[in-house]
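See below for the structure under consideration.
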Amino acid sequence: MEIASNEAPATTIEHTDLEATTQAYRQPLRPKPQRIFSPSPAAAPITPPEPPEDPDEAREWARANPDAALAWMLNAPAGEKRDTVAEIACAQIAESDPARAVSLAERYSGGCSNLLENLVHRWAEQNEPAATAYALSKPSGEERDRLLGRVAFTRSKENPIEAAKLVAEWISPGEVQNEAAISVLHQWASRDPNAALAWAQMFLDDGLRARAVAEVENTFPTLPQ
């Protein structure tokens, strides 16, 4: 007696059928059609907004729009308006990157000496050696002397003796040196009035010496005689 199997009968694939099947898999794949996108037209450059003509309004505009002010300054022609915007833009940049602010001021501020002095002062507060090296790299003259005076003032807050040496050895004799010496004395007197007084009494010019001694005494009224 034959027992019927519950399993489904095996399917037999003829050799010719197998060849046809494998031949179908040997056919090269057809690349899928790709959608071709046409390149979008280049975006037109954005023109930075123009600052107001009035200098005071231009300064306020630059303070309120620092990014726009910098973008406009970098592309603006030389002139009074650019100098005005650069004054504010560079001062804002100096809060985080005074070295860059100094570089921009040299190029875009129209040679405004007060701005450069203020920026070097800020630089010296963050990196005094770098600010000193920059000031000393300038050609001899009043501009370098003024920059060194700002550096000396900053140095005097921590090391008045070295600041005094900077004033005496690197700043040319004259009004700029005198003012730098007085500013250093003011800081020195608050730390060591006796040493500051001793330096003041060494000044050769009678008028400057009297002024320097008075500066120390005014800063420290209870200085022992």
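A quick yes/no check of all residues on (1) free of Cβ contacts under 8 Å to residues at least 24 places away in the same chain; (2) not acidic (Asp, Glu):
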{"position": "LEU119", "(1), (2)": "no, yes"}
{"position": "GLN126", "(1), (2)": "no, yes"}
{"position": "PRO139", "(1), (2)": "yes, yes"}
{"position": "GLU142", "(1), (2)": "no, no"}
{"position": "ARG146", "(1), (2)": "no, yes"}
{"position": "GLY149", "(1), (2)": "no, yes"}
{"position": "THR154", "(1), (2)": "no, yes"}
{"position": "LYS157", "(1), (2)": "no, yes"}
{"position": "PRO173", "(1), (2)": "yes, yes"}
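Only one of the listed residues (LEU74, LEU70) is closer than 24 Å to TYR134 by Cβ, hydrophobic (A, V, I, L, M, F, W, C) and out of contact with any helix residue (DSSP H, G or I) (no Cβ under 7 Å at 6 or more places or on another chain). That residue is LEU74. A count restricted to region 104-115 and to residues that are out of contact with any Cys (no Cβ under 8 Å at 6 or more places or on another chain) and at pLDDT 95 or above stands at 0. None of ALA214, ALA181, ALA198, ALA152 is more than 28 Å from the chain's Cα centre (by Cα) and under 26 Å from CYS112 (Cα atoms) except ALA181. As a summary of the residue check, GLN225 satisfies the conditions (1) at pLDDT below 95; (2) in a helix (DSSP H, G or I) except for the one numbered (2). Filtering region 150-187 to residues that are in a helix (DSSP H, G or I) and among the small types (Gly, Ala, Ser) leaves ALA152, SER156, ALA163, ALA164, ALA168, ALA180, ALA181, SER183. Only residues that are surrounded by 17 or more Cβ atoms within 10 Å (Cβ to Cβ) and over 16 Å from ARG63 (Cβ atoms) were counted across region 83-98, and they come to 1.
Residues that are surrounded by 20 or more Cβ atoms within 10 Å (Cβ to Cβ) and part of a helix (DSSP H, G or I) within region 105-117 comprise ALA105, TYR108, LEU115, LEU116, listed in sequence order.
The values are calculated or read from the model by the stated rules, or taken from the named source; none is laboratory data. Predicted model only: the values in this text are computed from it and were never measured. Glycine also receives a Cβ, built like all others from the backbone with ideal geometry; neighbour counts cover every protein chain displayed.
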